[in-house]
Amino acid sequence: MKKLLAILVALVLALSCFAALAEEEDEENYETGDATLDLVRNEDEIGEKELLVVSFGTSFNDSRRLTIGGIEGAIADAIADYSVRRAFTAQIIIDHVERRDSIHIDNVTEALDRAVANGVKTLVVQPTHLMHGIEYDELKSTLAGYADKFDKVVVGEPLLTSDEDFDRVADIMINLLKDYDDGKTALVYMGHGTEHESNAVYAKMQGILTEKGAANYYVGTVEAAPSLDDVMEAIKDKGYTRVVLRDMMVVCGDHANNDMAGDEEDSWKSILTAAGYEVVPVLEGLGQVPEIQAIYVEHAQAAVEAAK
């Protein structure tokens, strides 16, 4: 019996190793760009004033550089008297990038410990989150544990905070896809979605788009409501022959490349294609749009003013 149990354990371990190797091979079967071109911003010698830009993160190298890196660069250019540093909240992404590309990105705790070790006195934290959701709440909770380590700690606002933010972002979203708006094309933005009450931002954005007369624009989410089914019901019987897909996320990462634009049968592109539409994915994250970067800069500047 013991011998049989040992054989079963060995078999399970072998299968686990095989699965891990297969997963690692799958990870290496797609090209996301040169990781060395991305500025990871985890240097020491910070000085007394730090502006820590906190993002969920992405393992897609080009998108990370253009989106998160673009926001960080815009903030660094606008607020020159602060040292800009980076932290990601998704440990799985940090580990993935380090394993694949031998590049380390700080998580929030590492970045805060680095700030303490460098003698930072004024810490401004600017999240690149879309909304006041679960991640924003967790970030503030983590920061509370470091409150006595700095003279001042101020947290900036996410992208969609004020009514003015919503209005500006709606105009940007309309402008980004206006060249496709021919009356026969449904222009669909895919958001992430969340179980948090902040998921209401997607319905709010849909309402604002409608109020602005953007009748062919639709918002859905990959993990909450409105779902793809809701979007398909909304565009049904309206004479559309084409659907343009663009993600309503800061980065153009796994959700955009796979859930939205992938070739698997359960992707939005495949489902809409099977429904008879011509589908055109636009693979660009909101974070690489200069007008979106400008809003984050303004939120960071407001936080810097509050820290004075």
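The values are calculated or read from the model by the stated rules, or taken from the named source; none is laboratory data. Computed from a predicted model, the values in this text were never measured in an experiment. Heads up, the Cβs are rebuilt from the backbone with ideal geometry, glycines too, and the neighbour counts pull from every protein chain shown.
Couple of notes before you dig in:
This table checks each residue for (1) outside the structural domain of E135 (by TED's automatic domain parsing); (2) within 17 Å of V153 (Cβ to Cβ); (3) not polar (S, T, N, Q).
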{"site": "L66", "(1), (2), (3)": "no, no, yes"}
{"site": "A74", "(1), (2), (3)": "no, no, yes"}
{"site": "D77", "(1), (2), (3)": "no, no, yes"}
{"site": "R85", "(1), (2), (3)": "no, yes, yes"}
{"site": "Q91", "(1), (2), (3)": "no, no, no"}
{"site": "S102", "(1), (2), (3)": "no, no, no"}
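- Residues of the stretch 139-167 that turn out to be within 19 Å of E48 (Cα to Cα), assigned to a loop (DSSP other than H, G, I, E, B) and in contact (Cβ under 8 Å) with a residue 60 or more places away in the chain, as a count: 1
- First in the stretch 260-287 and touching a residue at least 40 places away in the same chain (Cβ under 8 Å), second anywhere and exposed (fewer than 15 other Cβ atoms within 10 Å of the Cβ), Cβ under 8 Å, 6 or more apart: I271/E265; Y277/T241
- Scanning the stretch 259-270 for residues that are assigned to a helix (DSSP H, G or I) and surrounded by fewer than 16 Cβ atoms within 10 Å (Cβ to Cβ) yields a single hit, S270.
- Of all residues in the stretch 71-129, those that are surrounded by 24 or more Cβ atoms within 10 Å (Cβ to Cβ), in contact with a helix residue (DSSP H, G or I) (Cβ under 6 Å, 6 or more places away or on another chain) and in a helix (DSSP H, G or I) total 2.
- Taken across the stretch 237-253, residues that are touching a Pro at 6+ places or on another chain (Cβ under 8 Å), among the small types (G, A, S) and at pLDDT 95 or above do not occur at all.
- Of all residues in the stretch 153-167, exactly one satisfies the criterion of being charged (D, E, K, R) and surrounded by 19 or more Cβ atoms within 10 Å (Cβ to Cβ), namely E157.
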